[in-house]
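Report on the structure given below.
The values are calculated or read from the model by the stated rules, or taken from the named source; none is laboratory data. Only a predicted model underlies this, so the values are computations on that prediction, with no experimental measurement involved. Cβ placement follows ideal geometry from the backbone for every residue including glycine, while neighbour counts extend to all protein chains displayed. These accessible areas exclude ligands, DNA and RNA; they are computed on the full protein's heavy atoms, side chains included. Shrake-Rupley method; radii C 1.70, N 1.55, O 1.52, S 1.80 Å.
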Amino acid sequence: MHPPRLAGAAALCAAALLSAAPPLVAQAGSQGARRDPEMEAPEVHDLRIRGVRAVDEDELRNSIVTDESGCNSLLYSVICLFTKSSAVYTRRYLDREELARDVLRMRVFYFLRGYRDAQVDTLVQRHGDDAVDVTFAVQEGPPTTVTDVAVTGVDTLFRPAQLDRLVLVDSGEPLSLVALDSTVLGLRAALGNLGYADAEVDTATAVDTSAHRARVQLVVEPHARTTVGAVRIQGLERLEASTVRNSLTLHEGDVFRREELFRSQRNLYESQLFRRSVIDAEGADSVKTLVVTVTEADLQRVRASAGFNTIDFVQVEGRYTHFNFLGNARRLTLNATLGNLLAPQLEDEFIFQRVAPDGIEGDRTPFLRPTWLLSAELRQPWFRSPNNTISTSVFAHRRATPGVVVDRGQGATASFTREVTARATASLTYRFEVTRIEAGDVYFCVNFGVCDISTINTLTGAQRLSPVMLLGNVDRSDDPLEPTHGYIARLELEHASAATASDYRYNRVMVEGSVYRPFWRGTLAGHLRLGRTWPLASTVTPPEAGPLFDDAVIHPRKRFYAGGSRSVRGFGESQLGPRVLTIAPSKLRGERVVDGGTEYDRCPPSIPIASCPLVAEVDSLQLQARDFTPRPLGSPAVAEASVEYRMRVWGPLSGAVFLDGAILPAGDDAFFTLDDNFMALTPGIGVRYQSPVGPIRVDVGYNPSPAEALPVFTQVEQDGVLRIVQLGEGLPPAERPRFVYEPNKSFLSRLVLHLSIGEAF
């Protein structure tokens, strides 16, 4: 007996049950009342299913046609109280013929899951003048229980534990034809992956209907193990046959495995050399001929794009790709990106954030200049194996971490990548870069103890940042742009030292993962990021470095930051974590011009600026939060987590609610000391518009964080040399004054807007 397919099993069940189907009870007010012609197709006000215990009620509802009128989305619930417009509310009407068929559909649903005696009655009652309430009353009855499961023919092919995972029908459980069908398919697939492509799996089920017992037997006939014979390639016009053969994981003489056939076909698609590729296995005996049919794609491609977001302003990108450069599927990619465009004009306007106020010389202008990236990459796939890829690239860039640093660099990378399993890769990469930090005076003063501008300029000379990196990626998500199921995981390990020719020396590790699960009518997504950097003794030591500089040099790019559109969305970009405040000397002193002369309302020049008070004697002269600028410093470690629920609202529009949180220590030894950590938990809501390039995302996060007492830095000129100073510089650190920084006092001021493309995770 051949294994039943679900469609065939359902048809047989329907035929068997049709003759035994009970008469439909359609009532209008009370049983036996005369049917009202005006109620032939009334609106269904309410639909109930009673008596469901053994199966999932949502799955049972989805198996029938009859449904109740309702709001199109939970987000419209309040609107639906006031209007039943078709834009937000769908009316559904009773079809009495489908109602009768739904009784049969529900009985088939139960039959396939082992409840062969299930009975279903219906009750239709008036609700007002033109609507009805529909009730399905289910009597599940006793299940037909499996007493014994026997599998023959695979004793030497699978270990007992493997067989237990493949056989989904268990003793003591209801006889589920769904599970039985899945078992047959699973056994065939597993046998195909062992090389038994022609294996047959038959089922024999003996059912004692009176005792509600069943015995299940699975008879496996593996037949001969199959191998690969000839490989024929057809459809090539410009490409060489070797290009196709190099992508195949099956070759002449290999054991023919189904999973390797699918993997080979995926390699062809991912090469982007072909618009269409199909691999067929021909032959009825144990030797299979592989016929590879391809349709070539354009070998050269040019792409241009433009966009904007709340922190990087306007960006444009151009990319040229040659997918068969010098043959053998060798890929050349040239890329040019410009960002931070129109920053001076758009800063602090509409949705765009403020970069930095005037007042600290050298801090503002570099952050408003364009950022850019130029790169050229040469990639060779299928290097000595379809699972291997080698690549090399050269690059030059100017990048900015807003409010922190601006750095320039140029260099080269070399990388070896191996696909360990499907959609799981491991890479070993060496990156040699000569970097120069252009801005970030406050950053150096606080993190490195280097506060005078001349010494900072010495430090910002060219230095080598050359780590060796081990990267691991696993992608088990179902969609690259809008995942709804599966997970993604990433591991990064970095080491930089004299052995790697690096001036910045450190060890760094970061683990990041996201998981996606269908939930109710949408997707529940979670994200976790953990990271830590350990600085090593460094050669990056200027001649006048302060006491905090020794053994603590971490390149700003290798520190951790939180806050922003892809992080904790209740904060601006990089604004969660260790921070200090900066203030212009003129604001700190209260400078104002009166009758052509300068007067000082708060702190006259006779008082050293590092000793100027933060609290004025007159309330009207008190400093406000808007007078200061928070400066992120980065942290040596981070622990960040987010959870988000996404649901389609209408057409291309989706809604989301989320909760983001993170904790970042102020120092290397403070990760588990709450008093020294920076942490926050921020809720929010968002809207997504599904575009061809991915979801256009608008998120609004709420920042409930209390006021922070932060140290204050300003700028002073001493003997013609500009210098960054901290207020109370001559005092012990614990006695130095701090400003209670609370810029968000009202509800609206605590809302943070983010606009970007692509999901946060």
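Return the Rg/Rh value of the range 119-169, two decimal places, where both radii are evaluated on C-alpha atoms and Rh is the Kirkwood radius. Please report the intermediate quantities before stating the final value.
Working: Rg = 23.2 Å, Rh = 15.9 Å.
In the range 119-169, Rg relative to Rh is 1.46.
Helix 258-270: angle to the longest alpha-carbon principal axis of the chain, degrees 0 to 90, nearest 10?
40
What is the angle, in °, between the Cα long axis of helix 96-112 and the longest principal axis of the Cα atoms in the chain? Nearest 10 is fine, range 0 to 90.
Roughly 90 degrees between the two axes.
Please work out the Cα convex hull volume for the range 41-119 and give it in Å³ per residue.
Values: hull volume 8.4 nm³, N = 79.
Cα-based convex hull of the range 41-119, divided per residue, equals 106 Å³.
Net charge within 11 Å of Arg521 by Cβ-Cβ distance, Lys/Arg positive one each and Asp/Glu negative one each, not counting Arg521 itself?
Charge balance in the 11 Å sphere: +1.
How much accessible area per residue does the chain have, in Å², with a 1.4 Å probe? Kindly include the intermediate steps, with their values, before the conclusion.
Details: 37200 Å² over 761 residues.
Ligands and nucleic acids excluded, the result is 49 Å² per residue.
Take the Cα coordinates of the range 616-655, assign each an equal point scatterer, and use the Debye formula without solvent to give log10 I(q)/I(0) at q = 0.31 Å⁻¹.
Values returned for q = 0.31 Å⁻¹ are -1.07.
Amide H to amide H, which residues 5 or more places from Thr249 or on other chains are under 5 Å from it, using H placed in the peptide plane?
When sequence neighbours closer than 5 places are left aside, the close amide H contacts are Ser264.
How do Met679, Met106 rank by accessible surface area computed with a 1.4 Å probe, from largest to smallest?
Numbers: Met679 90, Met106 0 Å².
So the residues, ranked largest to smallest area, are Met679, Met106.
Report Rg(Cα)/(2.2 N^0.38 Å) for the chain, keeping two decimals.
Values: Rg = 34.1 Å, N = 761, 2.2 N^0.38 = 27.4 Å.
Expressed relative to 2.2 N^0.38 Å, the Cα Rg reads 1.25.
If DNA, RNA and ligands are ignored and the probe is 1.4 Å, what is the ranking of Ile64, Ile757 by accessible area, most exposed first?
Working: Ile64 15, Ile757 80 Å².
Ranked list, largest accessible area first: Ile757, Ile64.
Using the eigenvalues of the Cα gyration tensor, what equivalent ellipsoid semi-axes result for the range 89-193 when each is taken as the square root of five times the eigenvalue, whole Å, largest first? Intermediate values should be presented prior to the final figure.
On the way: eigenvalues 355, 51, 17 Å².
They are 42, 16, 9 Å, listed from largest to smallest.
Peptides 183-196, 727-740: what's the order by average Cβ count within 10 Å, highest mean first? Display every interim value, and only then the final one.
Numbers: 183-196: 19.5, 727-740: 13.4.
Output ranking for 183-196, 727-740: 183-196, 727-740.
Provide the convex hull volume over Cα atoms per residue for the range 153-312, in Å³. Walk me through the intermediate numbers first.
Working: hull volume 34.8 nm³, N = 160.
Taking the convex hull of the Cα positions in the range 153-312, it is 217 Å³ per residue.
Given a 1.4 Å probe and heavy atoms of the protein chains only, how would you sort Arg245, Arg101, Arg50, largest accessible area at the top? List each step's numbers first, then the result.
Details: Arg245 85, Arg101 110, Arg50 135 Å².
Heavy-atom accessible area, descending, gives Arg50, Arg101, Arg245.
Give me the dipole magnitude in Debye, nearest 20, for the chain about the Cα centre, with unit charges on the beta carbon: positive for Lys and Arg, negative for Asp and Glu. Mind dumping the intermediate values first?
Values: 80 positive and 93 negative charges, 292 e Å.
Computed charge dipole of the chain: roughly 1400 debye.
Based on the inverse mean of 1/r over its pairs of different Cα atoms, what is the Kirkwood hydrodynamic radius of the range 245-351, in Å?
Working: mean 1/r = 0.0572 Å⁻¹.
About 17.5 Å for the range 245-351.
Translational diffusion coefficient, Stokes-Einstein: compute it for the range 457-527 using the Kirkwood radius over C-alpha pairs as Rh, at 25 °C and 0.890 mPa s, and state it as an integer in µm² s⁻¹.
Answer from the Stokes-Einstein relation: 165 µm²/s.
Once the Cα atoms of helix 177-193 and of the chain are each reduced to a long axis, what angle between those two axes, in degrees from 0 to 90 to the nearest 10, is obtained?
With both axes taken from Cα atoms, the answer is about 70 degrees.
Please compute P(r) over all alpha-carbon pairs of the range 680-754, binned at 5 Å starting from zero, and give each bin as a whole-number percent.
Answer for the range 680-754: a P(r) of 3, 12, 13, 13, 11, 11, 11, 9, 7, 5, 3, 1 percent.
Report the rotationally averaged projected area of the range 285-339 based on its alpha-carbon convex hull, in square nanometres.
Values: hull surface 28.4 nm².
It is 7.1 nm².
Give me log10 I(q)/I(0) at q = 0.09, 0.18 Å⁻¹ for the range 624-761, Debye formula, one equal scatterer per alpha-carbon, no solvent.
After summing over all Cα pairs, the log10 values are -0.43, -1.15.
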